[in-house]
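Student: One structure is given below, represented as structure tokens, and several questions about it will come after.
The values are calculated or read from the model by the stated rules, or taken from the named source; none is laboratory data. This is a predicted model, so every value here is computed, not measured. Heads up, the Cβs are rebuilt from the backbone with ideal geometry, glycines too, and the neighbour counts pull from every protein chain shown. With ligands, DNA and RNA removed, areas are computed over all heavy atoms of the protein, side chains included. Shrake-Rupley method; radii C 1.70, N 1.55, O 1.52, S 1.80 Å.
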Amino acid sequence: MARPIRLDAVLIQAVIAGALSFAHLHDLAAAAGQDGWKAWAYPVSVDLLLVAAWRRMRTDTENRDAWLWFAIALVASLGANVATAGLLDLTNVPPWLRILVAGWPALAFLGGTLLAHAPAPVREPEPTDQPHVEPSPDLTVERAPEPAPELPPADPAPQPRPPEPAPITPAVLVPPALLAHAQKIADAHQAQNGAPIDTATLRSRLGIPSALADAIAVQLA
């Protein structure tokens, strides 16, 4: 986004100086025989050469041609200002000045062409802070083959475990109440005799068949 132009002392001074220099160059060119529009073209030619040389000096400070053409245009502008300040009779211009004024367009064209088509300066890459590391030579190092590690002896195969006997489940269904009563009888017999009750005694105490007595004995064991 362009910034607005401010009217300050420097800008006003530049406008005044440019207008006076423009008028002096016009008067000198008119006095040297360049009348009409040609007298107005001379100040434009001098100022354009000044601007072209100044821009080339900003982009390439070591360009001697830019300094030379800037000095030539500056001498032309200052010379016109001094000559029209009363030091030169504009009604009787010397021949050498007429020659300079007549040859100025060709000289300005040459300077402008050389400045416009001058090669751009080549900027060298900025050095980096990283140190230069030389590539290491390719070295081939042969190593002796390392012996293969000895493997520990294999564990003997585990012997298969014999299948655990399945728990004996009674084939006869014993009612819970009968089982509880048989448990009381077995506990009383254990307390009196100091030995577990056998199946025959349990069957005679309960008055039950042998198969049912065997099933109760299995659950009480």
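Student: Using a simple spin-label model with points 7 Å from Cα along the Cα→Cβ vector, what separation in nm is obtained for Val75 and Lys184?
Tutor: For Val75 paired with Lys184, the spin-label model returns 14.5 nm.
Student: Can you give me the % of accessible surface on the range 1-94 that is carbon or sulfur? Probe 1.4 Å, all protein chains present, nothing else counted. Each step should come with its number before you reach the end.
Tutor: Details: 4260 of 6490 Å².
In the range 1-94, the share of accessible area belonging to carbon and sulfur is 66 percent.
Student: By how many nm would the segment from Ala41 to Ala85 grow when fully extended, if each residue of separation counts as 0.36 nm and the alpha-carbon distance is taken off? Walk me through the intermediate numbers first.
Tutor: Working: separation 44, 0.36 × 44 = 15.84 nm, distance 2.08 nm.
So the extension gain works out to 13.8 nm.
Student: Continuing with this model, one more query. Taking θ = phi - 60°, what integer Hz values does the Karplus form 6.51 cos²θ - 1.76 cosθ + 1.60 yield along the range 35-49, in sequence order, with x for Gly and Pro?
Tutor: 9, x, 5, 5, 5, 6, 6, 5, x, 5, 5, 5, 5, 5, 5
Student: Would you be so kind as to identify which of Ser45, Gln13, Asn81 lies farthest towards the positive end of the dipole of the range 1-90, taking Lys and Arg as +1 and Asp and Glu as -1 on Cβ and the Cα centre as origin?
Tutor: Gln13
Student: So how exposed is Trp40, as accessible area in Å² (1.4 Å probe, rounded to 10)?
Tutor: 130
Student: Which value in nm describes the separation of the simple spin-label points at Ala17 and Asp198, placed 7 Å from the Cα toward the beta carbon?
Tutor: 14.3
Student: Can you give the accessible area of Lys184, probe radius 1.4 Å, in Å² rounded to 10?
Tutor: The accessible area of Lys184 comes to roughly 140 Å².
Student: Along the Cα→Cβ direction, 7 angstrom out, place labels at Asn92 and Arg58. What is the inter-label distance in nm?
Tutor: Roughly 4.6 nm, to one decimal.
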